[in-house]
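Colleague: Right, I'll just put the structure down here and ask away after.
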Amino acid sequence: MRKALWVAAVGVLLAWIVWWIAPASPPSPVGMQADDGESNPVVSDPREWVAKLHRGDTEVELRQRAMSSDGKPAEVILGNLETIGRLLPEEVPQVRATISDLERVRERWWRQAQSRFERSGDVLDNLEFARCLVDVEEARAALRALEDDSYYVQKGDHAMPAVAGVRYVGVSVARGDASLFVTIALVVANHGALGAALEYLDVADNQAAAQACEHFNRLSQDQRRALIERFRTAGDDLRRKDPELARFFRAGLQITDRDLLVRR
C-alpha cells in the first residue's frame, strides 16, 4: 500500500492568506437553468461562470437541480456572485509567491507525516498522510489554475458555492488601502493528481473507519461504555490528544443505542 502513496504536506494557515475548501457537494451535479425574466445569467459549468466573474462584467446567479424531500426535482439557489474582475499584472506574482510559500511549507510537513506512517503503519497515520496529500496537491493545482485565469477577485464577501467537483483556494491581496479576496476555482476533473489524492483520502478514511468500528465493537460492553463516558466528559483538547478517543470518536462515526460504533 505504501508504494501507492503520493508526496503530500499538511496545510497551515498563514496570517496573510486565507484558504477555503468546499468538500461538500450539492445533492446532484446536473445542470442549472434560469427562470424566464431573470436579469442575472444563471450558469452551471464552472469554467463558464468563473470566466464571467474573471471578466468582472456581470453578476452571476448559481443554481443547481436537486431532489426535494418528497422525491420531486427542485432547484437550489447557490447564491449570487459579483466581482471586480481580475488581478492587476503586478498582483499576480504576489499571489503566486503566497501559494508557492504555502506549498513549500506543506511539503515540509508531508515529510513528517510520511515518516510517522512509515514507522507505524497505522491506519490513522495513513489517513493523516492522505490528508497531507490533498493539501499539497491542492496548492499545486491552485498555481496551475492561477496561470489559467481560473479565478476572480472580490472586494467584500467571499463565500463560495458548493458546486460538485469544484474546490476553492482563497488568497487575500492588498490593493491600495483595500484588502481584496482572490478566489481560485479548482475544477477537480482538470487536475488529475488532485483527483487521485481525493480518491486516496476516501480509501484511507474508509479503511480507518472500518478498523475503528471493528476494534471498538470487539470490546466488552463495560469497556465500550467506559470509553463513551470518557469521551462525553473530555474537553476538545483531550479528545484530540487521547489516542483511543481520536481513533474511535471522529467525524463519520456514531454510537448506536446498543453502544456499538458504526458509520453514519
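Bear in mind that the values in this text are calculations on the coordinates, not laboratory data. What you see is a predicted model, and the numbers here were worked out from it, not measured in a lab. So basically every Cβ, Gly included, is an ideal-geometry build from the backbone, and we count neighbours across all protein chains shown.
Colleague: So for segment 123-231, considering every pair of alpha-carbon atoms, how many percent are separated by more than 19 Å?
Modeller: Of all Cα-Cα distances in segment 123-231, 60 percent exceed 19 Å.
Colleague: If contacts are Cα pairs under 8 angstrom and at least 6 residues apart, what is the relative contact order of segment 65-214 in percent?
Modeller: 24 percent
Colleague: Sorted by mean Cβ packing within 10 Å, highest first, what order do the peptides 137-150, 206-219 take?
Modeller: Final packing ranking: 137-150, 206-219.
Colleague: In addition: Using a simple charge model, +1 on the beta-carbon of Lys and Arg, -1 on the beta-carbon of Asp and Glu, nothing else, what dipole does segment 126-233 show about its Cα centre, in debye to the nearest 20?
Modeller: 400 debye
Colleague: To the nearest 0.05, what FRET efficiency results for Phe231 and Ala193 with a Förster distance of 35 Å applied to their C-beta separation?
Modeller: 0.45
Colleague: How much length is gained on full extension from Asp149 to Ala251, taking 0.36 nm per residue of separation minus their Cα-Cα distance?
Modeller: 33.2 nm
Colleague: Per residue, how big is the convex hull of segment 171-223 when only Cα atoms are used? Give it in Å³.
Modeller: Value for segment 171-223: 129 Å³ per residue.
Colleague: For the pair Lys241/Arg47, report the inter-label distance in nm, with labels modelled 7 Å from Cα in the Cβ direction.
Modeller: Placing both labels 7 Å along Cα→Cβ, they lie 5.0 nm apart.
Colleague: Please state, to two decimals, what the Cα-based radius of gyration of segment 105-168 comes to when divided by 2.2 N^0.38 Å (N = residues).
Modeller: Ratio of Rg to 2.2 N^0.38 Å for segment 105-168: 1.47.
Colleague: I'd like the Karplus ³J(HN,Hα) series for segment 247-252: coefficients 6.51, -1.76, 1.60, θ = phi - 60°, whole numbers in Hz, and an x wherever there's a Gly or Pro.
Modeller: Those phi angles translate into 6, 9, 10, 8, 4, x Hz.
Colleague: Taking 51 Å as R0, compute the FRET efficiency from the Cβ-Cβ separation of Gln94 and Arg258 and round it to 0.05.
Modeller: The pair Gln94/Arg258 has a calculated efficiency of 0.35.
Colleague: Another question, if that's okay. Once you charge only the Cβ atoms, +1 for Lys and Arg and -1 for Asp and Glu, what is the size of the charge dipole of segment 181-244 about its Cα centre, to the nearest 20 debye?
Modeller: Computed charge dipole of segment 181-244: roughly 240 debye.
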